[in-house]
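Asker: I am attaching a structure below and will ask some questions about it afterwards.
The values are calculated or read from the model by the stated rules, or taken from the named source; none is laboratory data. Nothing here was measured: the structure is a model prediction, and the numbers come from that model. Positions of Cβ are backbone-derived with ideal geometry, glycine not excepted, and every protein chain shown enters the neighbour counts. Just the protein is used for accessible areas: all its heavy atoms, side chains included, with ligands, DNA and RNA removed. Shrake-Rupley method; radii C 1.70, N 1.55, O 1.52, S 1.80 Å.
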Amino acid sequence: MTTIDASLLDDLQKRGLIAQTTGGDVLAGYLASGSRTLYSGFDPTADSLHIGHLVPLLALKRFQLAGHKPIALVGGATGLVGDPSFKAAERKLNTPDIVANWTDKLKAQVSRFIDFDCGDNSAEVVNNLDWVGKMDVLSFLRDVGKHFSINNMINKESVKQRLDREGAGISFTEFTYMLLQSYDFAELYNRHNCTLQIGGSDQWGNITGGIDLARRMYSGETYGMTLPLVTKSDGTKFGKTESGTIWLDPDKTSPYAFYQFWLNTADADVYKFLRYFTFLSLSEITEIDERDRAAEGRPEAQSILAREMVALIHGKEGLEAAVRISEALFSGSMDSLSESDLEQLKLDGLPSSTIMRSELAEKPLTQWLVDAAMAASGKQVKDALGRGAVFINGEPKTFEQNGDAASCFAAADARFNRFYIVKLGKKKYHLFEVV
RNA sequence: GCAGGGGUUCCCGAGUGGCCAAAGGGAUCAGACUGUAAAUCUGACGCGCAAGCUUCGGUGGUUCGAAUCCACCCCCCUGCACCA
């Protein structure tokens, strides 16, 4: 028999992970008095989840650890339609085969976070295409559509801007999204006795829609809870860097890059992020906070956060790889790297490229670095060269040497006859293999 | 459909015949300082190592010369009308 951790809601509250809930105090008692089944949905809008999906995904795990049964729903059907919630403009539809492909990828990713073999509250992964795909239009209109009032729907905050805005508009397709998601909840209630849906705060409208539908179709009593949108103290968008979205797929964002992302968290955000994203207890986090405050200089929190996150998403091996690269590069002891270390750096996800020695003379250094995506334009490399911010195997290069890439990558300077670590600025590293 | 306003470099936003690759701010990149922070200061910021090349919704035109003037077209906003 599964033990229920009755303090779950209280813990979530203290972590700042609860934006809104339905049912008020009833929900706390409901969750404390038995193992419940809950779900959260993930639509296949790309071939990988990104860190924006982490809060609901980890919340499923928190519920599971507290004794509840999580269902991760991958939106093979809803992904074909597109959620209009708080979106400024109509989105373009992806083809069914692309969505199906993405659905499979998300299923695999999601599955790594929750436990499928822990007795009564083992997790499940479902795809809403399995039930929505079988439904015919008339049944949908009669059985589902009949329960929705257009009057209520157009009053939802999530679609307001699309209705109000001149020139934007909303198609019937996207407008119908809420019905699909609501139907998911009703269906999961009916099939799995799923009585709680969680999601991002932008999902409130869709979640309450589902609660109403479950009641109307099956007289079911269900609950909803939303998690906060992750914000940063400086007002910029969480989860994006200059180089783009931070993905959970190691092929899209390497464990090293992922580690660096968390390591660079601002002091003003790091303790909040520890509460949001890690499974460290609140008292442990408070302790870290206090210790950092007492110590002069560099706080430990970022490093703890980075380690926790990489271990969570990429496992022990991913963490070791990320730390190995980071230490080699940032400790200044690159000389100590062995040939196999350098090869490992490549495998570990340090950006790298292979170039032909015979082609070196064809382009100036600026162009080689631009081609390797180290900088957006040759001008930036030129600026860096002028400031002594470009190093090849530890040797500073100057603008005068720009035209002579062959001597910048001189054979005599190569590590193990082929490797060059190029550093641009303080944080950008790239491994060149010249053959 | 009619009337009025507008589309400028990643974003906001100046510029209304040469001094404009185009003010200013933001974002971004690099340097100093630091903790691979923050704040601050400095430099860069269409592309090109360079000569030089390509931009100001689109197409044509006027002119020695246009982001700036003219014509037509496309798109957006604001009123009015039409529709209901």
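Asker: So A:Asp115 fits all but one of (1) outside any loop (DSSP other than H, G, I, E, B); (2) open to solvent by 40 Å² or more (accessible area, probe 1.4 Å); (3) of a type outside the set (A, V, I, L, M, F, W, C); what number is the exception?
Answerer: The single condition A:Asp115 does not satisfy is (1).
Asker: Return the residue satisfying two criteria in turn: it lies in the stretch A:201-212 and is in contact with a helix residue (DSSP H, G or I) (Cβ under 6 Å, 6 or more places away or on another chain) and within 14 Å of A:Tyr39 (Cβ to Cβ), and of such residues it is surrounded by the fewest Cβ atoms within 10 Å (Cβ to Cβ).
Answerer: If we filter the stretch A:201-212 for residues that are in contact with a helix residue (DSSP H, G or I) (Cβ under 6 Å, 6 or more places away or on another chain), which is where we start, we get A:205-206, A:209-210.
Remaining after also requiring within 14 Å of A:Tyr39 (Cβ to Cβ): A:206, A:210.
On the way: A:Asn206: 27, A:Gly210: 31.
So the residue we want is A:Asn206.
Asker: Find the helices (runs of 4 or more DSSP H) located wholly in the stretch A:140-197 whose residues include 3 or more that are modelled with pLDDT under 90, in the same structural domain as A:Asn94 (by TED's automatic domain parsing) and within 16 Å of RNA strand B (Cβ to nearest atom), and list them. Steps first, please.
Answerer: Details: elements: A:150-153, A:157-164, A:172-175, A:177-192.
Here the list reads A:157-164.
Asker: Here is a further query. From the list A:Thr366, A:Thr354, which one is part of a strand (DSSP E or B) and at pLDDT 90 or above?
Answerer: Details: A:Thr366 fails: part of a strand (DSSP E or B).
The conditions single out A:Thr354.
Asker: Given the residues A:Gln197, A:Gln260, which is the only one that is open to solvent by 10 Å² or more (accessible area, probe 1.4 Å) and not hydroxyl-bearing (Ser, Thr, Tyr)?
Answerer: Working: A:Gln197 fails: open to solvent by 10 Å² or more (accessible area, probe 1.4 Å).
After applying the criteria, what remains is A:Gln260.
Asker: Take A:Gly224 and decide whether it is in contact with a Phe, Trp or Tyr (Cβ under 9 Å, 6 or more places away or on another chain), open to solvent by less than 30 Å² (accessible area, probe 1.4 Å) and in a loop (DSSP other than H, G, I, E, B). Talk me through it step by step, then tell me what you get.
Answerer: On the way: in contact with a Phe, Trp or Tyr (Cβ under 9 Å, 6 or more places away or on another chain): yes; open to solvent by less than 30 Å² (accessible area, probe 1.4 Å): yes; in a loop (DSSP other than H, G, I, E, B): no.
It is false that A:Gly224 is in contact with a Phe, Trp or Tyr (Cβ under 9 Å, 6 or more places away or on another chain), open to solvent by less than 30 Å² (accessible area, probe 1.4 Å) and in a loop (DSSP other than H, G, I, E, B).
Asker: Give the residues of the stretch A:401-423 that are away from RNA strand B (no atom under 16 Å from the Cβ) and of a type in the set (Lys, Arg), sorted by residue number.
Answerer: A:Arg415, A:Arg418
Asker: Something else: Starting from the stretch A:253-266, take each residue that is within 15 Å of A:Asp348 (Cβ to Cβ) and more than 10 Å from RNA strand B (Cβ to nearest atom) and list its partners that are open to solvent by 20 Å² or more (accessible area, probe 1.4 Å) and polar (S, T, N, Q), counting only C-beta distances under 8 angstrom and pairs at least six apart or across chains.
Answerer: A:Thr253/A:Thr245; A:Ala257/A:Ser243
Asker: OK, next. Applying the selection to the stretch A:223-247, what residues are more than 16 Å from the chain's Cα centre (by Cα) and in contact (Cβ under 8 Å) with a residue 60 or more places away in the chain?
Answerer: Those that are more than 16 Å from the chain's Cα centre (by Cα) and in contact (Cβ under 8 Å) with a residue 60 or more places away in the chain: A:Tyr223, A:Gly224, A:Met225, A:Thr226.
Asker: Still on this model: Quick one: what pairs do we get from the stretch A:192-215, first residue under 21 Å from A:Glu157 (Cα atoms), second among the aromatic types (Phe, Trp, Tyr) and open to solvent by 30 Å² or more (accessible area, probe 1.4 Å), C-beta under 6 Å, 6+ apart or different chains?
Answerer: Sorted first by the residue in the stretch A:192-215, then by its partner, the pairs are A:Asp202/A:Phe86.
Asker: List the pairs whose first member sits in the stretch A:305-316 and is buried (at least 18 other Cβ atoms within 10 Å of the Cβ), whose second member is of a type in the set (Gly, Ala, Ser), and whose Cβ atoms are under 6 Å apart, counting only residues at least 6 apart or on separate chains?
Answerer: A:Val310/A:Gly318; A:Val310/A:Ala322
Asker: I would also like to ask the following. Here's a check for you: in the stretch A:378-400, which residue that is open to solvent by less than 40 Å² (accessible area, probe 1.4 Å) and near RNA strand B (Cβ under 10 Å from one of its atoms) is nearest to A:Asp335 (Cα to Cα)? Spell out the reasoning first.
Answerer: Let us first name the residues in the stretch A:378-400 that are open to solvent by less than 40 Å² (accessible area, probe 1.4 Å), namely A:378, A:381, A:384-385, A:388-390, A:392-393, A:397.
Among the residues that remain, those that are also near RNA strand B (Cβ under 10 Å from one of its atoms) are: A:378, A:381, A:384-385, A:388-390.
Details: A:Gly378: 28, A:Val381: 24, A:Ala384: 23, A:Leu385: 22, A:Gly388: 20, A:Ala389: 19, A:Val390: 17 Å.
Ranking the qualifying residues of the stretch A:378-400, first place goes to A:Val390.
Asker: While we're on this one: Is it the case that the stretch A:69-84 has a residue that's open to solvent by 10 Å² or more (accessible area, probe 1.4 Å), more than 21 Å from the chain's Cα centre (by Cα) and modelled with pLDDT of 95 or more?
Answerer: yes
For (1) surrounded by fewer than 19 Cβ atoms within 10 Å (Cβ to Cβ); (2) of a type in the set (Ser, Thr, Tyr); (3) in a helix (DSSP H, G or I); (4) touching a residue at least 24 places away in the same chain (Cβ under 8 Å), each residue gets a yes or a no:
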| position | (1), (2), (3), (4) |
| --- | --- |
| A:Ala268 | yes, no, yes, yes |
| A:Leu280 | yes, no, no, yes |
| A:Ser283 | yes, yes, yes, no |
| A:Glu287 | yes, no, yes, no |
| A:Glu290 | yes, no, yes, no |
| A:Arg298 | yes, no, no, no |
| A:Arg324 | yes, no, yes, yes |
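Asker: While we're on this one: Just name the residue that is least open to solvent (accessible area, probe 1.4 Å) out of those in the stretch A:401-425 that are within 17 Å of A:Ser352 (Cα to Cα) and part of a loop (DSSP other than H, G, I, E, B).
Answerer: Taking the candidates together, the pick is A:Phe409.
Asker: Do you know which residues across the stretch A:347-362 are surrounded by fewer than 16 Cβ atoms within 10 Å (Cβ to Cβ) and within 29 Å of A:Gly403 (Cα to Cα)?
Answerer: If the condition is that a residue be surrounded by fewer than 16 Cβ atoms within 10 Å (Cβ to Cβ) and within 29 Å of A:Gly403 (Cα to Cα), then A:Thr354, A:Met356, A:Arg357, A:Ser358, A:Glu359, A:Ala361, A:Glu362 are the ones that fit.
Asker: Please specify each residue of the stretch A:227-249 satisfying the condition of being surrounded by 13 or more Cβ atoms within 10 Å (Cβ to Cβ), away from RNA strand B (no atom under 13 Å from the Cβ) and of a type in the set (Ser, Thr, Tyr).
Answerer: A:Thr245
Asker: Filter the stretch A:21-42 for residues that are in contact with a Gly (Cβ under 8 Å, 6 or more places away or on another chain) and assigned to a strand (DSSP E or B); which is surrounded by the fewest Cβ atoms within 10 Å (Cβ to Cβ)?
Answerer: Filtering the stretch A:21-42 for residues that are in contact with a Gly (Cβ under 8 Å, 6 or more places away or on another chain) and assigned to a strand (DSSP E or B), the one surrounded by the fewest Cβ atoms within 10 Å (Cβ to Cβ) comes out as A:Thr21.
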